[in-house]
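One structure below.
The values are calculated or read from the model by the stated rules, or taken from the named source; none is laboratory data. Predicted model only: the values in this text are computed from it and were never measured. Counting neighbours? That spans all protein chains shown, and the Cβs are built from the backbone with ideal geometry, glycine included.
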Amino acid sequence: MVRLIPLFLLPLWLGLSSAGLAETAADGAAWPGHVFHAEPRPLPEGAVTTDWPRFLGAQEAPVSAETRLRHDFPAAGPPLVWEVEKGSGYAGPAIVGDRLVLFHRVGDRETIDCLHPRTGRRFWSHAYEVNYRDRFGYSDGPRASPVIDGGRVFTFGVTSVLSCLDLATGRVLWQRDCAKEYGVPPYFFGSGATPLVRDGLVLCDLGGTDGRDAAAFDAATGAVKWFARTGWGQSYSSPIPVVLHGRPRVLIFQGGEGTESMDSQGGLVSIDPADGTVSGKFFWRARRYTSVNASAPVLCGPNRVLVTQAYIDTGSETNGSALVEAQPDGSFNTIWKNEDLACHWMTPVFHDGHLYAFSGEKERSAELVCHHAATGTRLWHTRLDHDITLPADQGGRSLSVGFMRGSLLRVDGGFLALGEWGTLAWLDLTPAGAEKRATAQLFTAPAGAWTLPALSRGLLYVCQNEEDRITGAGRRLLCYDLRGE
């Protein structure tokens, strides 16, 4: 079991492990909605593999250390290992060792399922009632992904219920109803920032009343350790750990809802994780009342941080992206601003001095872009659209599908891209341009792939969050084999 293998602690801390660690035998039980298709390939000799313990993975950025992956797709796409029916929500899975945790809403209950990552068979399930409806008509399920740390599972539900469960058994260790205890409002889309677990603390972008904007809880007991008073409330951007000028800090890109008087609030906050002291702030939020901050901050070299949002207002000085540099006193100096780099919710990839991202607020206006990180200069932009053919019983016409507001994962010398409608591709991205190497249409569902895929031990986990417009297949978590030979 995960908690009994000492070697487990090393890959969790470093984010990678040797492929020589043996996979456990299939365990757990088949369950309704679970379909096993085929065993994946064995892990290639010498492959580096990783856990995926939290949203953005082990490196707190859309970058993976995995190697020896398959870079070609058969005509039908990468081999499907298993699939399970999925409830509503946009939370991605967390994977550590031989445990995968899925957080979703089934009926009127937020549900935490623990599965075997290679088979999809279920070890345990825990659920609790939830009363929430998205006021804009999107999903009514959780947005924040689960976190696995130290043999525990942590979840932060759409109504701000913070839970801690034992990974091995599913037993509830503690739970806090943050909306009731700390006055957390529903915001536009409920609560949606994935917690950060570090050094025995669960750090939350809380957004409560009376200045309880961020909070730290004891990971073992749930006791409150501190509140950080930022004045900017909760957002949909997940906190990340960094070191600025030799000091550990937590960065939170706050701002999920302004006020009826259009008083825009939000931006980058730097917090000392030891006691919650706010060491620096940088205002960055669209003036529009209905805007939100959702992308995670991106560390772009020592002491430099990128923040980006997609809501553009004519004449505003906070459109798109800003690169800031932390000063020794904790303040931030602006290096550049550029409204042409405007990510809705994806976190840009910083690689070899350049930023790669899908930029744009709306589906059809979004483009894949490359910017020089030091200056903010846009080097190129492209859509990379392609056509798919509908079945004869649906007219047989050609439908243009692009990546739109997709996501990127830098891994194994290339970029895995997942488009908003379910297009998966291997891309070569350089300052000179973009080239598709392999493409597969996993499903055709609007808003079906807003969730960043998870990658662990050569297996790719993709959330299909809406019904497939062609096949009628419902919401699913899909496991694909990307292991090379």
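Among the strands (runs of 3 or more DSSP E) confined to region 58-143, the ones with at least 2 residues that are under 20 Å from residue 167 (Cβ atoms) and of a type in the set (Ser, Thr, Tyr) are located at 122-129. Reported count of residues in region 166-193, each being among the basic types (Lys, Arg) and in contact with a Ser or Thr (Cβ under 6 Å, 6 or more places away or on another chain), is 0. Based on this model, can you work out whether residue 353 counts as at positive phi, in contact with a Pro (Cβ under 9 Å, 6 or more places away or on another chain) and surrounded by fewer than 18 Cβ atoms within 10 Å (Cβ to Cβ)? In short, yes.
Just to verify a result, which residue in region 111-142, among those that are at pLDDT 95 or above and among the basic types (Lys, Arg), is surrounded by the fewest Cβ atoms within 10 Å (Cβ to Cβ)? Top of the filtered list is 121. Of the strands (runs of 3 or more DSSP E) contained entirely in region 405-459, those carrying at least 3 residues that are among the small types (Gly, Ala, Ser) and more than 21 Å from residue 57 (Cβ to Cβ) fall at 433-441.
Among the numbered conditions (1) surrounded by 16 or more Cβ atoms within 10 Å (Cβ to Cβ); (2) of a type in the set (Phe, Trp, Tyr); (3) more than 20 Å from residue 444 (Cβ to Cβ), the only one that residue 380 does not meet is (1).
Within region 160-199, how many residues are assigned to a loop (DSSP other than H, G, I, E, B) and closer than 29 Å to residue 28 by Cα? Reasoning before the result, please.
Keep residues of region 160-199 that are assigned to a loop (DSSP other than H, G, I, E, B), which gives 160, 167-171, 183-195, 199.
Of the ones still in play, those that are also closer than 29 Å to residue 28 by Cα are 167-171, 194-195.
Summing the residues that are assigned to a loop (DSSP other than H, G, I, E, B) and closer than 29 Å to residue 28 by Cα in region 160-199 gives 7.
Conditions (1) of a type in the set (A, V, I, L, M, F, W, C); (2) closer than 25 Å to residue 239 by Cα; (3) at pLDDT below 95, marked per residue:
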site	(1), (2), (3)
25	yes, no, yes
39	no, no, no
80	yes, no, no
83	no, no, no
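Of all residues in region 143-167, those satisfying the criterion of being farther than 12 Å from residue 197 by Cβ, buried (at least 22 other Cβ atoms within 10 Å of the Cβ) and in contact with a helix residue (DSSP H, G or I) (Cβ under 8 Å, 6 or more places away or on another chain) are 160, 167. Taken over region 296-341, the criterion of being closer than 18 Å to residue 254 by Cα and in a loop (DSSP other than H, G, I, E, B) is satisfied by 296, 297, 309, 310, 311, 312, 317, 318, 319, 320, 330, 331. Among strands (runs of 3 or more DSSP E) entirely within region 209-282, having at least 3 residues that are surrounded by fewer than 19 Cβ atoms within 10 Å (Cβ to Cβ) singles out 224-228, 240-244. In this structure, residue 192 qualifies as surrounded by 20 or more Cβ atoms within 10 Å (Cβ to Cβ), in contact (Cβ under 8 Å) with a residue 12 or more places away in the chain and within 22 Å of residue 242 (Cβ to Cβ).
Assess whether residue 251 counts as being touching a strand residue (DSSP E or B) at 6+ places or on another chain (Cβ under 6 Å), within 23 Å of residue 146 (Cα to Cα) and not polar (S, T, N, Q).
yes
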